[in-house]
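Asker: First the structure, which I've put down as structure tokens, then a few questions once you've had a look.
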Amino acid sequence: PGPESCTGVVICSQAAVVGSPAHLPAGTAAETQVLKNLGLAKNTPTWRPSPADMDSAAFKVIVGDAKFTRGGLPKGTIFDSVGAGNVEIKSGTTMLESSYQLRLQVYKSLKEGVPMTLRTNRPVNPTFSDWLQRWGVVVKPLE
């Protein structure tokens with residue numbers, strides 16, 4: 001079972017997250033440190049697009065076709081922090097490419113009129129960097 005099966009007061013064992021990519025613990029540690037350095041609180045609520053969002057022209061242009069969970073819910077996203085605008089942190093060494101999660105976050109930020117900052121130490125694909133800039137996303141180094 002995956003982490004989504006860990007609900008209620010059940011304490012999930014490590015077995016529940018077997019299959020998680022090895023980079024996740026390092027990314028979580030980096031995210032925690034960056035949030036601490038910036039004095040930002042961790043955000044936890046998941047935002048999912050509504051049927052109206054998914055049917056909108058803006059969603060189709062920015063995100064593309066909607067994706068769904070195995071359970072049929074629209075795939076959602078969680079910004080790492082929402083205290084000082086929407087902040088997403090991406091650490092690592094691989095090239096940062098366009099992803100459904102990041103496009104969904106750009107859409108949400110634009111829809112709500114909240115600035116988005118992407119903090120990363122990763123090289124950003126130049127085409128994707130241009131796309132982010134076009135939609136007003138500010139890309140900054142990790143702190």
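The values are calculated or read from the model by the stated rules, or taken from the named source; none is laboratory data. As the structure is a prediction and not an experimental result, all values here were calculated from the model. Remember, those area values only see protein heavy atoms, side chains included, never the ligands or the DNA or RNA. Shrake-Rupley method; radii C 1.70, N 1.55, O 1.52, S 1.80 Å.
Asker: Report the Stokes-Einstein translational diffusion coefficient (µm² s⁻¹, integer) for segment 31-99, Rh taken as the Kirkwood radius over Cα pairs, at 25 °C with viscosity 0.890 mPa s.
Answerer: Working: Rh = 14.1 Å.
The estimated diffusion coefficient comes to 174 µm²/s.
Asker: If I ignore ligands, DNA and RNA and count only protein heavy atoms, how much of Thr94 is accessible to a 1.4 Å probe, in Å² to the nearest 10?
Answerer: Surface accessible to solvent at Thr94 totals approximately 90 Å².
Asker: Heavy atoms only, 1.4 Å probe, whole protein assembly: order Thr69, Thr127 by accessible area, highest first.
Answerer: On the way: Thr69 50, Thr127 105 Å².
Ranked list, largest accessible area first: Thr127, Thr69.
Asker: Take Phe59, Phe68 and sort them by solvent-accessible surface of the protein heavy atoms, 1.4 Å probe, largest at the top. Provide the component values of the computation, followed by the final result.
Answerer: Details: Phe59 0, Phe68 105 Å².
Descending accessible area places them as Phe68, Phe59.
Asker: Using a 1.4 Å probe over the heavy atoms of the protein chains, calculate the carbon and sulfur portion of the accessible area of segment 52-111 as a whole percent.
Answerer: Working: 1660 of 2940 Å².
Answer for segment 52-111: carbon and sulfur cover 56 percent of the accessible area.
Asker: Of the listed pairs Lys67/Lys90; Lys108/Lys140; Lys67/Lys140; Lys42/Lys108; Lys36/Lys75; Lys67/Lys108, which have alpha-carbon separations greater than 23 Å here?
Answerer: Numbers: Lys67/Lys90 21 Å; Lys108/Lys140 19 Å; Lys67/Lys140 28 Å; Lys42/Lys108 18 Å; Lys36/Lys75 28 Å; Lys67/Lys108 15 Å.
Where the Cα-Cα span goes over 23 Å, the pairs concerned are Lys67/Lys140; Lys36/Lys75.
Asker: Another one. Quick one: work out the % antiparallel among DSSP beta bridges in segment 38-120, nearest 5. The partial results should precede the final answer.
Answerer: On the way: 3 of 9 bridges.
Of all bridge pairs located within segment 38-120, approximately 35 percent are antiparallel.
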